[in-house]
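The structure appears below as C-alpha cells.
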Amino acid sequence: MSSIPLTSTMKAVARLPWIWSFVAAFVAWAIAVAAASGLGGGAMITAALTFAVFSVFVGVGQMFVMASGPGNVDLSIPSVIGLSGMVAMKTMGGADDAILTGIVAALCAGAVIGVGNALLIRLLKVPPIIATLSMSLIVQSIAIAYGRGLLIAPPPLMSANATYRVAGVPLMAVFGTVIAALAALVLHRTIFGRSVLAVGQNDRAAALAGIHVWRTRFVTYGLSGVMAALCGILLASISGGASLDMGNEYLLTSIALVVIGGTSVSGGRANVTGIWGAGLFLYLLVSMLNSLGVGTGWRLVFTGLIIIAVIVAAGGDDSRR
C-alpha cells in the first residue's frame, strides 16, 4: 500500500520541468569524481558554485525575454557583458571609493541597450533574433572604441570579494542565490511577472485583458540587459579585468540554460530554479569530459549531444502545448 503514494510522488517529481537539470548536474559530477578516483569532489562543487553564477545571471535575463512569447530572444548578451564590464572598470578606475558609481553606470548601460533592442523590434518590425544580433554588432563596435582593447583591472576590494567565502560557500554563489530568489519572487508574485507569462501564452488575449504587451516586453529586454551587465561587472572582478571577448561563451549558453532549466521556448512558462541546475550542469559537464580525458574536438561534440539530450528530457512536453 505504501508503494502507491511513493510511486505517485516520484512521478510528480519527474514531471517537474527543472528537476532534470539538477539530475544531469549530479550525474556529471559523479562521473567526474569517479574518473578522478574519488578525489576533488568537494573542490569541484565549490568551483561550480562560483562559476555557474555568471550563467545564472544571463540565464535569468534571457528567461524573462523568452518567456514573453515565441521568437523572443536576446543575442546581444555577450556584447553587453563586454561593454558593461569596461564601463564599470573604467568608471571605477581601480579605486574602491568609486565602486558604487561604476556599478550604477554599467547597469544603466545594460538597461539602455536592452530597451534599445525592444525599440528596434517594435519600430522596425524585425524579428528579435535579427534586431538583437544587429544591436550586438553596434555594441561591440562601441566597446572596441571605448575600451581600446585594453584589460582594465578592477579595484582591490572587488577582486577580494569575488573570491571570498562565507562558511566555505563562495560569496558569489550566495549573491547568485539571492538574485535568483528575487527573480522567482518577481516572476510569480508580481503583476509584471504574471504579465510576462500571460503575454507569452497569448499576446492578443493578454491585450484584451488589459495588459500592456509591449510595455511588458520593453521591461523584459531591459531586464536582460541589466542582468548581462551585472554578469560583466562580476566577471571582470573575478578574472582580473574587463576584456572585449569575455562574454562570447554566453551567446548560446544563455539560451541552453533557459531551455535546460525548464522554460518553454514557446513562451508563457518560466522556471528560475532550473537556471541554477542548468548552470551547474554545464560547468560540471566540462569538468566531467576533462576528467575522462576527452580531446577538445570530441569534447565539443559530446557537449552538444548531451545538452540536446537534456533539453529533450526537460522540455519534451512543449510539443504538446
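So that you can scan it fast, the table gives a plain yes or no per residue for (1) assigned to a helix (DSSP H, G or I); (2) modelled with pLDDT of 90 or more; (3) closer than 18 Å to Val87 by Cβ; (4) not charged (D, E, K, R):
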| site | (1), (2), (3), (4) |
| --- | --- |
| Ala105 | yes, yes, yes, yes |
| Cys108 | yes, yes, yes, yes |
| Asn117 | yes, yes, yes, yes |
| Leu120 | yes, yes, no, yes |
| Ser136 | yes, yes, yes, yes |
| Ala143 | yes, no, yes, yes |
Next item on the list: Find the residue count for segment 67-109, including only residues that are under 19 Å from Ala143 (Cα atoms) and either among the hydrophobic types (A, V, I, L, M, F, W, C) or touching a Cys at 6+ places or on another chain (Cβ under 9 Å) (or both).
Entry: 19
Item checked: Filter result (of a type in the set (Ser, Thr, Tyr) and either surrounded by 20 or more Cβ atoms within 10 Å (Cβ to Cβ) or under 21 Å from the mean Cα position of the chain (by Cα) (or both)) within segment 292-308 -> Thr303
Checklist line | Subset of segment 257-303 (residues that are in a helix (DSSP H, G or I) and within 22 Å of Ile233 (Cα to Cα)) | finding: Leu257, Val258, Ile275, Trp276, Ala278, Gly279, Leu280, Leu282, Tyr283
Item checked: Pairs where the first residue, in segment 121-133, is in contact (Cβ under 8 Å) with a residue 24 or more places away in the chain and the second is surrounded by fewer than 17 Cβ atoms within 10 Å (Cβ to Cβ) and part of a helix (DSSP H, G or I), C-beta under 8 Å, 6+ apart -> Arg122/Trp214
Check: Within the bounds of segment 87-95, is there any residue that is surrounded by fewer than 24 Cβ atoms within 10 Å (Cβ to Cβ), of a type in the set (S, T, N, Q), more than 30 Å from Leu292 (Cα to Cα) and modelled with pLDDT of 90 or more?
Finding: yes
Margin query: Residue under question is Val226, and the condition is that it be hydrophobic (A, V, I, L, M, F, W, C) and not in a helix (DSSP H, G or I); does it hold?
Written below: no
Note to self: Can you report the number of residues in segment 244-303 which are in contact with a helix residue (DSSP H, G or I) (Cβ under 8 Å, 6 or more places away or on another chain), farther than 22 Å from Ala181 by Cα and among the hydroxyl-bearing types (Ser, Thr, Tyr)?
What the structure shows: 4
Next item on the list: Read through the list (1) surrounded by fewer than 22 Cβ atoms within 10 Å (Cβ to Cβ); (2) touching a Phe, Trp or Tyr at 6+ places or on another chain (Cβ under 8 Å); (3) closer than 27 Å to Leu124 by Cβ, then give the number of the only condition that Leu223 fails.
Entry: (1)
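State whether the residues of segment 150-165 include one that is outside any helix (DSSP H, G or I) and under 21 Å from Val265 (Cα atoms).
Looking for residues that are outside any helix (DSSP H, G or I) and under 21 Å from Val265 (Cα atoms), one finds none in segment 150-165, hence no.
The values are calculated or read from the model by the stated rules, or taken from the named source; none is laboratory data. None of these values were measured; they are calculated from a predicted model. Backbone-built Cβ (ideal geometry, glycine too); neighbour counts: all protein chains shown.
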